[in-house]
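Report on the following structure.
FYI, it's all coordinate maths here, none of it is from the lab. Keep in mind that this is a model prediction, so the values were computed, not measured. Neighbour counts run over all protein chains shown; Cβ positions are idealised from the backbone, glycine included.
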Amino acid sequence: MKIRIGHGYDVHRLVPGRPLILGGISIPHTAGLLGHSDADVLTHAVMDALLGAAGLGDIGRHFPDTDAAYAGISSMVLLAHVRRMLSDAGYVLGNADATIVAQKPKLAPYLHDMEAMLCGQLGVEMDTINVKATTTETLGFAGRQEGIAAYCVCTIMHTD
Ligand code: MG
């Protein structure tokens, strides 16, 4: 069976007065992520990994932030689109491993909910997606709480 690997990376700016949504889960915090959609940086990295693995470009190409249709949209809706694109191309997800880089808030209590949400939206078993979180020991933009970054790697297989 031919295995393909994908990688995704995304960053969004942290600003007051916005909800903080990561992996489709609303997290109480003093600031949230700025973006054209709901700015769910984790889900964006997951989608870019999936699209990259399938050779289908990236989310900027499929959901341009110049398109009013995607203003304020839940990234879960976009993830459902990506799921369809992959299955239409004959791929199934092997596994995905993601890391959120954020100084605050503490994300450990929410990681399982994020995994459950992402797995549910992609229609895969609960052990298919792993979500981790790390700080940067206050270094860099994430450490200064100017933004949150997310990385994801995944494998996909063709169903042939
Ligand atoms: Mg993004």
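Go through the range 59-84 and give me each residue that's in contact with a helix residue (DSSP H, G or I) (Cβ under 7 Å, 6 or more places away or on another chain) and crowded, with 17+ Cβ neighbours inside 10 Å. Correct list: I59, F63, S75, M76, L78, L79, V82, R83. Among the conditions (1) within 29 Å of R144 (Cα to Cα); (2) touching a Ser or Thr at 6+ places or on another chain (Cβ under 8 Å); (3) of a type outside the set (K, R), the only one that Y91 does not satisfy is (1). Of the residues making up the range 33-58, those that are more than 27 Å from F141 (Cα to Cα) and surrounded by 13 or more Cβ atoms within 10 Å (Cβ to Cβ) number 3. Being away from the ligand (no atom under 14 Å from the Cβ) and closer than 16 Å to L122 by Cα is the filter here, so list the residues in the range 25-48 that pass it. Within the range 25-48, just I25 meets the criteria.
Being within 11 Å of the ligand (Cβ to nearest atom) and not aromatic (F, W, Y) holds for only one residue in L78, L51, L20, and it is L78. Could you please tell me which pairs satisfy a Cβ distance under 7 Å, a separation of 6+ or placement on different chains, a first residue in the range 33-46 that is touching a residue at least 40 places away in the same chain (Cβ under 8 Å), and a second residue that is part of a loop (DSSP other than H, G, I, E, B) and surrounded by fewer than 24 Cβ atoms within 10 Å (Cβ to Cβ)? Close Cβ pairs satisfying both conditions: L33/R18; S37/G72; S37/I73; T43/G24. Look at G6 and say whether it is part of a loop (DSSP other than H, G, I, E, B) and more than 14 Å from the ligand (Cβ to nearest atom). Answer is no for this residue. Among the residues of the range 118-160, those that are farther than 15 Å from L50 by Cβ and assigned to a helix (DSSP H, G or I) comprise G120, M126, D127, G140, F141, A142, G143. Being farther than 23 Å from S26 by Cα and basic (K, R) holds for only one residue in R61, R144, and it is R61.
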